[in-house]
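The values are calculated or read from the model by the stated rules, or taken from the named source; none is laboratory data. The structure displayed is predicted, hence computed values, not measured ones. Cβ sites come from the backbone with ideal geometry, for glycine too, and all protein chains shown count toward neighbours. Note: areas computed on protein heavy atoms with side chains; ligands, DNA, RNA excluded. Shrake-Rupley method; radii C 1.70, N 1.55, O 1.52, S 1.80 Å.
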Amino acid sequence: MNDDPNWLPRRELGHTGFAATALGIGDLADRAVPLETGVATARRALDAGLNLIDTAPNYEDGYSEEIVGRAVRAVRRDAVFVIDKIDHPEQPVGPQIDGSLARLGLDHTDAFVFHNLSERDVFDRQCAPGGGFDQLADAVKRGKCRFRGISSHNPDVLLAALHAGVCDVVMFPLGPFVDARYVTDVLPLARSLGVGTVCFKTFGAGKLVGDTSGYNQPLKSRPRGKVSSGGTDDASATLPRLTVAECLHYTLTLNPDVALLGLSYPNEQDAAFAAAQSFRPLEAKEMEDIRRRAVDARRDKGPCWWNPDPEA
């Protein structure tokens with residue numbers, strides 16, 4: 001692995017004690033891609049120096065976990081922070097964790113987080129005695145994971161979770177086209193409490209940087225409503241778009257602990273690496289310009305369920 005500190009700055013991931021790279025590895029699940037290719041792609045990002053990787057059981061029915069597990073087992077275990085998810089918060093947590101660990105081929109992850117825990121009533125039930133957070137705390141005690149948290153698309157749920165003290169790590173959207181409360185409320189509260197922030201949707205599920213299916217697209221449809229380059233850069237966008245660098249520089253300027261990116265193909269990795277290496281914090285006028293153009297870049301490109309803006 002590349003330990004050159006000049007390549008990508010590292011920072012403490014909340015109070016976990018882990019020094020994470022500013023970029024994290026996500027979105028590795030596509031059964032149209034052979035397993036060995038997926039593993040090689042993940043290893044390529046790890047070998048480039050990235051040291052946080054994310055997965056979930058419902059990313060192609062465990063396929064992502066298989067890829068991540070094989071990639072991580074090939075490197076020093078304590079050098080990579082592995083985040084997996086609990087997809088069904090109202091079902092017993094223990095069997096879900098055991099199933100994920102079996103698919104990963106690991107005896108523990110660094111964190112298990114509740115996946116898309118975005119409804120307040122569901123969150124409240126997990127906070128009850130014996131609920132999901134107690135069960136997850138028990139998994140930590142039993143050595144199945146080191147930390148716990150949530151992934152959410154609801155700022156109110158995230159704020160409640162932070163105030164409740166049930167998270168070591170929180171995951172949420174952060175980019176040019178998300179609810180402003182993630183920036184104004186969630187991010188600063190997490191920082192003040194020493195809770196790690198791992199943020200996604202920098203590229204708006206790919207839709208900020210190119211055209212979606214049906215619009216003479218350079219982006220190919222992928223699982224879970226996402227789109228990406230499909231591994232090639234041989235097509236042209238016809239609708240408004242932002243550049244990879246603009247999106248990534250925007251998110252990095254907001255300064256989360258980790259910006260989790262879809263890095264499913266070498267060309268996507270190289271574009272992200274180049275953008276990260278050229279990063280400088282943006283000025284307020286530059287940030288405002290990117291936010292303004294992001295509205296046009298998302299318009300007419302399909303559902304935007306993480307930020308249901310009526311203008312989109």
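Here are some notes:
- Test: residue in the range 165-172 that is surrounded by 16 or more Cβ atoms within 10 Å (Cβ to Cβ), among the aliphatic types (A, V, I, L, M) and at pLDDT below 95: no
- A count restricted to the range 106-139 and to residues that are closer than 30 Å to LEU35 by Cα, open to solvent by 40 Å² or more (accessible area, probe 1.4 Å) and more than 20 Å from the chain's Cα centre (by Cα) stands at 1.
- Of the residues making up the range 140-151, just one is surrounded by fewer than 22 Cβ atoms within 10 Å (Cβ to Cβ) and among the hydrophobic types (A, V, I, L, M, F, W, C), namely VAL140.
- Going through (1) modelled with pLDDT of 85 or more; (2) closer than 16 Å to LEU28 by Cβ; (3) not in a loop (DSSP other than H, G, I, E, B) one by one, VAL227 falls short only on (1).
- Candidate set from the range 59-69 (those that are open to solvent by less than 20 Å² (accessible area, probe 1.4 Å) and within 16 Å of PRO95 (Cα to Cα)); member that is nearest to the chain's Cα centre (by Cα): GLU65
- Filtering the range 152-164 to residues that are in contact with a Phe, Trp or Tyr (Cβ under 7 Å, 6 or more places away or on another chain) and open to solvent by less than 30 Å² (accessible area, probe 1.4 Å) leaves SER152, PRO155, VAL157, LEU158, ALA160, ALA161.
- Pairs with Cβ under 6 Å, 6+ apart, first in the range 51-76 and touching a residue at least 40 places away in the same chain (Cβ under 8 Å), second open to solvent by less than 10 Å² (accessible area, probe 1.4 Å) and hydroxyl-bearing (Ser, Thr, Tyr): ASN51/THR21; THR55/SER64; PRO57/SER100; VAL68/THR55
- Residues satisfying the stated conditions in the range 194-205, i.e. over 14 Å from ILE150 (Cβ atoms) and open to solvent by 10 Å² or more (accessible area, probe 1.4 Å): GLY194, LYS201, PHE203, ALA205
- Pick from the range 140-150, criterion under 16 Å from ASP107 (Cα atoms) and not basic (Lys, Arg), ranking: nearest to the chain's Cα centre (by Cα): PHE147
- Subset tally (residues that are assigned to a loop (DSSP other than H, G, I, E, B) and either under 17 Å from ALA20 (Cα atoms) or hydroxyl-bearing (Ser, Thr, Tyr) (or both)) for the range 59-91: 4
- When residues of the range 1-33 are limited to those that are modelled with pLDDT of 90 or more and not in a strand (DSSP E or B), the one most open to solvent (accessible area, probe 1.4 Å): HIS15
- ASP185 open to solvent by 10 Å² or more (accessible area, probe 1.4 Å), in a helix (DSSP H, G or I), of a type in the set (Asp, Glu) and within 28 Å of ARG77 (Cβ to Cβ): no
- Of everything listed in (1) open to solvent by less than 10 Å² (accessible area, probe 1.4 Å); (2) in contact with a Leu (Cβ under 7 Å, 6 or more places away or on another chain); (3) part of a loop (DSSP other than H, G, I, E, B), the single unmet condition for ALA56 is (2).
- Any hit, the range 130-150, residues being among the polar types (S, T, N, Q) and at pLDDT below 95: no
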